[in-house]
Amino acid sequence: MQFLLALVIAVTLGVIGYLVLLSLHQDPLQPSAPPTLAEMRDLPEPKRLARRPSFAPAAAGRDAFPRAMRSLGIEVRGLSPELLEGSGVGVFDQHDHEVAWLPLANATARNGALTVTTSAPEGRLRLVVASDAATARNSYWTSVDWPAEAPPEQVAELRAEVQQVTVRCATEDRAIATTLRLRRQGDARWAPRTAFVDGAAPLRDGSLRLQLAAGTYEITPWNEGAFATTVISVPGPALVDAKFLR
């Protein structure tokens, strides 16, 4: 049995060796003829396309495009110096597109006001004073509609008195006051994205710090149910006690 096994192994090795010898003695592959490239035809000379009317008049309706620009001067009064860092004036056109963001840290102080200037399209504008450029569209301190018929030399005056208010929740209210809803009366556009100093939930002691501009505000829990609404007036008391349970 061992002899047969050894014989099979020997024959196998011999076949493999013979194949190796054959492969070593094969002639190299001969190179093929290079491909023949077709002759490239001459391209015709480019021709200018026929003139077509611009899409802008049809798309823009009665508005000219691009719209005429005008210079606009803006004065901001009442803003505390410690709030200048990061804050600015946002200019929005009649379609609520941002036209300019003017940082108040670079503004010129003159006659008790911070003065900035910009170029804005003719037509109705909306001017805001906000603490942050990213949230200025709806989380502002002041928002003023500037009429299209305002004289070019007229300076827009914005007031931005900002006050910090601390709301204290009663002990029995803290369980339902985990998150609170804050609204400004008469201003459906406004959103409190930057109004909560430490977040929308009261601290462990039940206090909630807010940074608000002049106006009247309503604060109530988001929880389902009938809860009392606390009204905050600015300018007004710096400390407000809130009781949400009826």
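Taking the Cα centre of the chain as origin and assigning +1 to Lys and Arg Cβ atoms and -1 to Asp and Glu Cβ atoms, the resulting dipole is close to 440 debye.
The long axis of helix 2-24 is offset from the longest Cα principal axis of the chain by roughly 80 degrees. Distance between the 7 Å Cα→Cβ label points at ALA170 and ALA68: 6.2 nm.
ARG77 contributes an accessible area of around 50 Å² to the protein surface, as traced by a 1.4 Å probe with all chains present.
Keeping all protein chains in place and using 1.4 angstrom, which order do ARG204, ARG209 fall into by accessible surface area, from largest down? Don't skip to the end; give the middle numbers.
Details: ARG204 235, ARG209 85 Å².
Most to least solvent-accessible, the answer reads ARG204, ARG209.
Only protein heavy atoms count here; on that basis, with a 1.4 Å probe, PHE92 has an accessible area of about 0 Å². Ratio of Rg to Rh for region 65-111: 1.04 [Cα atoms; Kirkwood radius as inverse mean 1/r over pairs].
Matching the structure-derived Rg and Dmax of the Cα atoms in Å against the labelled list (1) 24.2, 76; (2) 38.1, 116; (3) 20.3, 60 gives the label (2).
The values are calculated or read from the model by the stated rules, or taken from the named source; none is laboratory data. Bear in mind that the values here come from a model prediction, so they are computed numbers and not experimental data. As a convention, Cβ positions derive from the backbone with ideal geometry for all residues, glycine included, and neighbour counts pool all protein chains shown. When the accessible area is computed, the model is the full protein with side chains, heavy atoms only, and any ligands, DNA or RNA have been set aside. Shrake-Rupley method; radii C 1.70, N 1.55, O 1.52, S 1.80 Å.
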